[in-house]
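Take a look at the structure set out below.
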Amino acid sequence: MPEQRIDLPQGTLDLLILRTLALGPNHGWAISERIHQVSSKVLQVQQGSLYPALHRLERRGWIKARWGASENNRRAKYYELTKSGRKQLETEEGEWKKLAAAVAQVLETA
Amino acid sequence: MLSDLLIRLRALFRRDAVESELDDELRFHFDQQVEKLVQSGVPPAEARRRARLMFGGSDQIKEECRDARGVHFLETLAQDVRFALRMLRKSPGFTAVAVLTLALGIGANTAMFTVVENVLIRPLPYAHPDRLVRIGPPNGSGLSNTSWLNYRDIRDLTRTMDVVGCYAEDIGVVRGKDGSVTAVTPGVTPSVFTMLGARPLLGRTFTEDEGQAGGPKVAVISEELWRDAFDSDPGILNRTISVNGQPRAVVGVMPRDFRFPESMGHDMQKGLWLPIQPTQMMQTERGEDFFAIMGELKPGVTLAQNRAELSAIAQRIHERDPKAASDLSLRAIPYQETLTGPVAPVFLALVVAVGLVLLIACANVANLLIARSLVRQQEFAVRAALGAGQWRLMRPLMVEGALLSGFGCVLGFAVAAFAIALVHKLPPDTIPRAEDIGLRWTVVFVLAAIATVTTVLSAFLPALIVSRSDPQKVLQGASRGVGARSVRRRLSGALVAGEVGLSALLLVGTGLLFHTLWNLEHVHLGFDVTRVTTFTAMPADASGFASMTVSSDVQHAPTSVATLVYQPVLERMRNAPGVQEAALDTAPPFSGIDMHTSFDIVGQPKDSAEDRGARITAVSGGYARVMQTPVIRGRMIGDDDTESSPYVIAINEVLARTYFPGRDPLGMQLDLGGRETGMIKPYTIVGIIGDQVDTSASQPPQPSLMIPYRQVPSTSIFYDALIKTVVNFVVKTRGEVAVAPAMRSIFRELAPDYALDNFQTMQEAVDQSNFSSRMGLLLTGAFAGMAVLMVIAGLYGVLAQLVSYRRREFGIRLALGATPSGILGLVLRQGLVFVGIGLTIGILTALFTGSLVKGFLYQVRPVDVWTYSGVVLLLLAVGSFAALVPARRAMRVDPMTALRDE
């Protein structure tokens, strides 16, 4: 049950959250579940990192929050991407891809 | 960015809502987690347990969320403030002392700044105040009056000034609804009103025609005169009023805040303005110096350019009229400076003094904070060990300091308001532009600045020291306190020594001023003030000082007012009940009137290179008796010296010494101008009387001439100036009798049109002349007193801390055989070391800066032995007194208790 815990650096977590929300507004629980699923259960985001990250992103203006009803009719706080958030996502995605490609190159040749 | 701010604000102001939202959000996640586990087959209770495990510490998460929301700084600041308030409440004594100390320092500085700003810095309420200058022959650091002809020439020749005008100080009598009243009635040229941009309340100011020779008789009156003497008559314009017995049409009323010329003082508010209409004399004589010239510089012209032009003009005047204007030199001074110049050095000194007091206050508060931080050493050491950064450690202390400054500010504002109210209670004309002084917005800003400075000085430094100390050392050995020399204690000691030094400086200043006042009060006046009253009398048709005329029609000379009115009045006065002796004198000591004339000695060549000049007054018989001034040789003027007896004159010792060195003046004759002035007959010297202080106690007596009041020909210039404008009476009474009612009734009977005024005793006149010295002494003394009090508090605080810090050490010493008196001596010596260092610094500073205060002293050398020894003794005594209580506490330490305590 305890899946392999890989510690995500803070910046990467932000990127994943933004990407997840790009598909549509969601609450914290759903975001963590989704990341868990889509990463083939490799990445398990802890509440201790998720919520501070969400609040931080909200403060930066990249996501905005509102309260709504969840699937099972409970009160939940939904986050959605803002316009500047979308721009930020594009930027960070680009940088990540560049970084990943460079690292892969080094690992292959060196 | 905006969302950031909004979120922060929301977090700050709607904390509860935000907190419960956070709760809900996390609980939702928790519930979902549980549900997921339940659905995968885990029993609910077990599911909850596991979920809780996975969740971790929700408080920590909340804390991190809060951090992420960025409110942490403000929240902890609020926490610090609450904590600081609680700490301050717990030690009310300390808080009270600190706040009071700061309040006094801040309040005094704010008040001083307000006064300086309003009097020295704020421009005068005229059209172009920075371009207004006053012009005249230099006289010391100021200017003296000059003639109308010089004004005319400057006006015609100048190219650096747009407008030129002149004014002449004068007094007169106005007939109002309650009878005749004296009023100041300066003469002004119409250009003066133009220059100042003065706007009348009603009507208008003078036209150019009204300023010409022989122009219409008009006047502009002040608002207060209009209200008081004419009942705010709505038809005042073009109504005719009687000024000096002459009918004049009122063409305008000036508003209350128009006070030109300010040199006429507070009375200008109730006065009126007359147009200067050049008389024959004014247009021909360059020697009649009654006028002050004003000019408005053209825009862009500098003062230096103006001064250069004036030198050139003076040169041209000399070429035009070589005999009369041989040594004319003209100078321009910005008008505002002429008003405030004399007080500027005084204010500067006061600013310095008050600044010193603030420094001492800050030092005290800093010391107190340091002392308290000693108590909290452990707490800070623990915090530092737990990882608190330097800034985080400094915060509580700085917040405390800021709070103390804040309270001090609020209280200080009250102190400042009170001080300014006191300033308004001073006699009018003590400070120029006193009416303008009030609390304004600039004051609030300055207050804030001062408060910031005090906070930084009194809290920052101790906070810095505290946060720098090594936590390990503190945690290990703090409470043992065996003679540890920490930087803290040295700083405290240095601060106290500094306080002592600053106090020494203030005390030296006070001592010097006290000595000066003492000297001034004991100056040999040359007369006796006991039971002598003076008052002025002005005829309803007073001539005024500036409108002098000479008539050559000696045959039909009108009878002198001296004979007609003053002589019978004097007789009645001498017979009035309670009056021992009465006399007339046109200008008794401290009257403020100072007439001068030049003269020649008959039989001696007219030496024009050496102008003989003297003060001149007219007196009646009995004057020397009233004033108890000794007659050195010959006789004094008597009642038998009338217009038909030989013309005589009396001189004082200074004149005899100056102009008759080694010769006997008695029997010599003086020529007071002959036909030019209308004093055709020469006067024979019949007596020398003792010198009297005439204008102020700090000035030596001037050479003086006294002529009999009935021997001033009514056709001469001197008649108008000496007899027909204003005269003084001096009355010696038998007991403490009020003379005013009796005098008024005498005049009502014999001369109802005369206005009597300025009743005061000679003692009051003397006191008034010493007033500014007394004020200076009071202020400096007050500051010094405050400083000494603070030194006592500071010294006591430091030594008390020292003693409690070294209790254990004292206990050990006592146990090992030291005597209690030895311990007492130890603490006392420590205290006196601080005082000694401070004294040395203070005295040395005082010695170096001594020459700066020479201007305020009278017959006291800046290095005055009495003052310096007094200060040293006082501060040593104060130091010993402050050290006594802690010292006694030290010697009473019980060794057993001290050793057991930790």
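The values are calculated or read from the model by the stated rules, or taken from the named source; none is laboratory data. None of these values were measured; they are calculated from a predicted model. Heads up, the Cβs are rebuilt from the backbone with ideal geometry, glycines too, and the neighbour counts pull from every protein chain shown.
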- [ ] Tell me, yes or no, whether the stretch B:185-197 has at least one residue that is within 35 Å of the chain's Cα centre (by Cα) and in a strand (DSSP E or B).
- [x] yes
TODO: Kindly indicate whether B:Ile333 is at pLDDT 90 or above, assigned to a strand (DSSP E or B) and either surrounded by fewer than 21 Cβ atoms within 10 Å (Cβ to Cβ) or not assigned by TED's automatic domain parsing to the domain that holds B:Gly197 (or both).
DONE: yes
Task: Qualifying position, being touching a residue at least 40 places away in the same chain (Cβ under 8 Å), touching a Ser or Thr at 6+ places or on another chain (Cβ under 6 Å) and not assigned by TED's automatic domain parsing to the domain that holds B:Gln305, among B:Leu104, B:Leu120 - done: B:Leu120
TODO: Please work out if B:Gly797 is surrounded by 20 or more Cβ atoms within 10 Å (Cβ to Cβ) and either assigned to a helix (DSSP H, G or I) or of a type in the set (D, E, K, R) (or both).
DONE: yes
Task: Residue that is nearest to the other protein chains (Cβ to nearest Cβ), among those in the stretch A:20-61 that are assigned to a loop (DSSP other than H, G, I, E, B) and touching a helix residue (DSSP H, G or I) at 6+ places or on another chain (Cβ under 6 Å) - done: A:Gly61
TODO: Would you tally the residues in the stretch A:67-76 being more than 10 Å from every other protein chain (Cβ to nearest Cβ) and of a type outside the set (A, V, I, L, M, F, W, C)?
DONE: 2
- [ ] Looking only at the stretch A:77-95, decide whether some residue is more than 12 Å from chain B (Cβ to nearest Cβ), of a type in the set (A, V, I, L, M) and part of a helix (DSSP H, G or I).
- [x] yes
- [ ] Tell me, yes or no, whether the stretch B:75-86 has at least one residue that is touching an Asp or Glu at 6+ places or on another chain (Cβ under 8 Å), away from every other protein chain (no Cβ under 14 Å), in contact (Cβ under 8 Å) with a residue 12 or more places away in the chain and exposed (fewer than 13 other Cβ atoms within 10 Å of the Cβ).
- [x] no
TODO: Go through (1) closer than 18 Å to A:Asn72 by Cα; (2) exposed (fewer than 12 other Cβ atoms within 10 Å of the Cβ); (3) more than 11 Å from every other protein chain (Cβ to nearest Cβ) and name the single condition B:Gly41 misses.
DONE: (1)
- [ ] Return only the number of the condition from (1) part of a helix (DSSP H, G or I); (2) within 12 Å of another protein chain (Cβ to nearest Cβ); (3) free of Cβ contacts under 8 Å to residues at least 24 places away in the same chain that A:Lys64 does not satisfy.
- [x] (1)
Task: Leading residue by the ranking (farthest from B:Thr194 (Cα to Cα)) among those in the stretch B:279-295 that are out of contact with any Lys or Arg (no Cβ under 8 Å at 6 or more places or on another chain) and of a type in the set (A, V, I, L, M) - done: B:Met281
Task: Residues of the stretch B:704-761 satisfying the condition of being of a type in the set (Asp, Glu) and more than 20 Å from B:Pro589 (Cβ to Cβ) - done: B:Asp720, B:Glu736, B:Glu749, B:Asp753
- [ ] Could you grab me the full set of residues in the stretch B:11-34 that are polar (S, T, N, Q) and either more than 8 Å from every other protein chain (Cβ to nearest Cβ) or touching a His at 6+ places or on another chain (Cβ under 9 Å) (or both)?
- [x] B:Ser20, B:Gln32
TODO: Pull up the stretch B:220-266, narrow it to residues that are of a type in the set (S, T, N, Q) and either without any contact (Cβ under 8 Å) to a residue 40 or more places away in the chain or assigned to a strand (DSSP E or B) (or both), then point me to the one that is farthest from B:Pro190 (Cα to Cα).
DONE: B:Ser232
- [ ] Output the number of residues of the stretch B:526-556 satisfying the condition of being at pLDDT below 85 and more than 27 Å from B:Thr185 (Cα to Cα).
- [x] 5
TODO: Scan the stretch B:126-143 and give yes if some residue there is surrounded by fewer than 22 Cβ atoms within 10 Å (Cβ to Cβ), over 27 Å from the mean Cα position of the chain (by Cα) and not acidic (Asp, Glu), otherwise no.
DONE: yes
